[in-house]
1. As I understand it, the value is the acute angle between the Cα axis of helix 162-172 and the longest principal axis of the Cα atoms of the chain; what does it come to in degrees, rounded to 10?
2. Enter the angle in degrees (range 0 to 90, nearest 10) between the Cα long axis of helix 306-318 and the first principal axis of the Cα atoms of the chain, meaning the one along which they spread out most.
3. Let me have the relative contact order for the stretch 51-130, percent, based on Cα pairs under 8 Å that are six or more residues apart.
4. Mind ordering 124-131, 179-186, 150-157 by average Cβ neighbours within 10 Å, highest first?
5. Quick one: the Cα spread of the stretch 23-106 along its three principal axes, in angstroms, biggest first?
6. Using a 10 Å cut-off around each Cβ, can you sort 173, 308 from fewest to most neighbouring Cβ atoms?
7. How long, wide and thick is the stretch 80-236, going by the Cα atoms along their three principal axes, in whole angstroms, largest first?
8. Less than 15 Å Cβ to Cβ from residue 124, Lys/Arg counted +1 and Asp/Glu -1: what total charge do the surrounding residues give?
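Every number in this text was worked out from the coordinates using simple rules, so none of it is lab data. Keep in mind that what you see is a predicted model, and the values were worked out from it rather than measured. Here Cβ is always computed from backbone atoms with ideal geometry, including for glycine, and neighbour counts include all displayed protein chains.
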Amino acid sequence: MRVLGIESSCDETGVAIYDNADGLLAHALYSQVETHQCFGGVVPELASRDHVKWLVPLIDEALHQAKMSKSELDAVAYTAGPGLIGALLTGASFAKSFAFALNIPALAVHHLEAHLLAASLENPGLEFPYIVLLVSGGHTQLIEAHALGKYQLLGETLDDAVGEAFDKSAKLMGIPYPGGAALAKLADQCREENESQLSPFPRPMTDRPGLDFSFSGLKTHVLTIWNNSKKDEVSRRAIAKAFQDAVVETLLIKCRRALKQTGSPRLVVAGGVGANRALRASLNQLAADFHRHVYFPAPQYCTDNGAMVAFAGCLHLLQGKQDPTIAIDVRARWPLDEL
Ligand code: KG4
Ligand code: ZN
């Protein structure tokens, strides 16, 4: 089954073609970072307009990469939420019209489910059940994945998502939007022996039981330390390092707790922050210490992309799922356990 996947929930237009027999056949992405950079964040109306502009050329490119014509597609899967409503509507309207014209099924995909299944794209042997650490720009959750479509929320952030905390902390120190990856790079460049003289930053909510998170205080801490620093490159690197260390250790403590609590043998990392080098190293160490397995998507499939949508759609379509009507229905908010 050859499935076209369309992702348009935020500021990335992602398109891919996944074949359950041959794997990923094509993958094309347009990132709108430059469009939104001067505004310091995503402008929803501009995001929607850019999706409209890029969907057709990206689909043409994906078909070209896969060396196939649109008539050889068997289904279209698209992100139906959660996300920016206008951006979601562009992808959903296109996907449903395209599927209708080709007389093939369309299927609404949950963006977070697509993220959490992304690790299976390159690890076909990865079996349920597993614990998912979902760390993106909009969400921070620990989830127990029992089976395809059966997810139980174990804990989540009470305020900022981890990616959001990375982006906001970067912005406070004058790093342009989206600063998360740039902040992580600065942290990795910090020469610890002479630059990182800062006292460790707090590890929020780790002294309390449970699996919830809170990251907004950490961002305020960054602001205080930055305002009391020389505001130069050395301070930026040192603060980035102390911030990243605090985030990574906090996530590590909660993952260890979730693995212990559930007895799950596997941990899967999903979402944009899953591309973070320090987090990957730390969770690999945790898995080795506890004799568990940890799986990460390749960094390009951690952030928003069409491949994860095509893949998640294909798994559900193979189980007989498809949109029951041609109505276009998207959801800005959509809890994963309501699937
Ligand atoms: O999953 P994603 O592409 O979008 C959402 O669905 O939210 O995640 C984007 C988030 C952004 O906040 C970005 O700054 C963060 O992931 N991010 C990183 C890194 N790469 C992307 N955060 C920390 N370290 C990275 N290397
Ligand atoms: Zn995402």
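1. On a 0 to 90 degree scale, this one is about 60.
2. Long axis of 306-318 versus the principal axis of the chain: about 50 degrees.
3. Relative contact order, the stretch 51-130: 30 percent.
4. Final packing ranking: 179-186, 150-157, 124-131.
5. 41, 23, 21
6. Fewest to most other Cβ atoms nearby, the residues stand as 173, 308.
7. Principal-axis extents of the Cα atoms in the stretch 80-236, largest first: 63, 35, 28 Å.
8. -3
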